[in-house]
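Encoded as structure tokens, the structure appears first; notes follow it.
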Amino acid sequence: MQSIQEILKNRILILDGAMGTMIQRHKLEEDDFRKGWFENHPKSLKGNNDLLSLTRPEIIQDIHRKYFEAGADIAETNTFSGTWIAQADYGLEKFVYDINYQSAKIAREVADEFTRLNPNKPRFVAGSIGPTNRTASISPDVNDPGFRGISFDELVDAYKDQINALMDGGVDILLVETVFDTLNAKAALFAIDVVFEDRNVKLPIMVSGTITDQSGRTLTGQTTEAFLISVAHMPLLTIGLNCALGASMMRPYLQVLDQKSSFGVSAHPNAGLPNEFGKYDETPELMAEQIKEFLDEGLVNIIGGCCGTTPEHIQAIAEMAKNYAPRKFNLV
């Protein structure tokens, strides 16, 4: 089977769409997040979507299958909150290995199923590594600017646990995504380095930041170029942007990455901006038309969707992208 690096030379790869948006379609209740694992857990678990890889694996499996059927080349694991830092809110720190391992295993099995059906279009699994719900760069206490809710070393330890479990479960890629604090991301990248050295194995690494508003900066104040420079010491497969913005608003910042980055460039924007009810209204056709501008300019190597996107969005994007050559870059 061709490596993802080889495939990226020849075509744009399609990343899947939103996991949470698809989970919401099932209108799950508290019992769905407890089934077979957490019946007697003292805290409410509804909304902790990562748990569904344990309690309702058939739902997660079906979501991966729908995205692959829509044309996705890469599935993200259901592990966005898969660190003990994020799971501490629910008192589930000790289940982090199970969450990540089973999430990776589910995605791996579905990816392999589709690769067997069409060996000329191999499917890949990206281990989703979210930013956690803490920031290493900003104090959560306005009265104590020097205070931090988490340390760099704690982040590294949490990420190492997640990365080991994802690799045990069979991921092909590690995706450090929705980066709002580059110091958190650097902890994840340091953890990846340590795990690779311990295991004597290396996987391709994707990093994807998030621009929080039209100022073009991350939550901690970095410009897109500063974000790139901050992580460019790592041999990345791609650097990119996801979440927060719709495709049309993301384009200027992708142009910066295109101009400045020696890595591949990825993008998985939201389906527009949320409406007053927190829903995303952008249709697959409208989103694909906006992404056509990325493709016309040759800005991306990997394209997909974030919040509000569905298999219908991914199918429209995949149909559009197959007519375009990928952005040229030097593979590391």
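A short reminder: the numbers here are calculations on the coordinates, not readings from a lab. Bear in mind that the values here come from a model prediction, so they are computed numbers and not experimental data.
Subtract the Cα-Cα distance of residue 229 and residue 168 from 0.36 nm times their separation in residues, and report this length gain in nm to one decimal.
Working: separation 61, 0.36 × 61 = 21.96 nm, distance 3.07 nm.
Taking 0.36 nm per residue and subtracting the Cα distance, the gain is 18.9 nm.
What does the helix-only formula give at 222 nm for the chain: each DSSP H stretch with n ≥ 4 adding -39500 (n - 2.57), the total divided by the residues, and the result rounded to the nearest 500 deg cm²/dmol?
Numbers: 12 runs with 138 residues, N = 332.
Calculated at 222 nm, the ellipticity per residue is -12500 deg cm²/dmol.
So for the stretch 110-196, averaging the separation of alpha carbon pairs under 8 Å that are six or more residues apart and normalising by length, what relative contact order in percent results? It would help to have the intermediate numbers written out before the result.
Values: 112 pairs, mean separation 30.9, N = 87.
Relative contact order of the stretch 110-196: 35 percent.
Checking the cross-link pairs 186/260; 35/292; 202/292; 121/292; 66/292 against a 31 Å limit on the alpha carbon distance flags 35/292; 202/292 as lying beyond it. Diffusion of the chain by Stokes-Einstein, at 4 °C in a medium of 1.567 mPa s and with Rh set to the Kirkwood radius over alpha-carbon pairs, works out to 65 µm²/s. Normalised Debye scattering of the stretch 128-198 at q = 0.11 Å⁻¹ gives log10 I(q)/I(0) of -0.28, counting only Cα atoms as equal scatterers and leaving out solvent.
Could you work out the Kirkwood radius for the stretch 59-111, taking every pair of different alpha carbons, averaging 1/r and inverting it, reported in Å? It would help to have the intermediate numbers written out before the result.
Values: mean 1/r = 0.0851 Å⁻¹.
Mean inverse Cα-Cα distance, inverted, gives 11.7 Å.
Pairs of Cα atoms in the stretch 202-332 fall into 10 Å distance bins, from 0 up to the last occupied one, in shares of 13, 45, 34, 8, 0 percent. Once the chain from residue 24 to residue 62 is taken as fully extended at 0.36 nm per residue, the excess over their C-alpha distance is 12.3 nm. Cross-link partners for residue 160 among the aspartates and glutamates, with Cα-Cα distance under 13 Å and sequence neighbours closer than 8 places in the same chain left out: 168, 193, 197, 198.
Please tell me the relative contact order of the chain in percent, rounded to the nearest whole number, where contacts are Cα pairs under 8 Å and at least six residues apart.
19 percent
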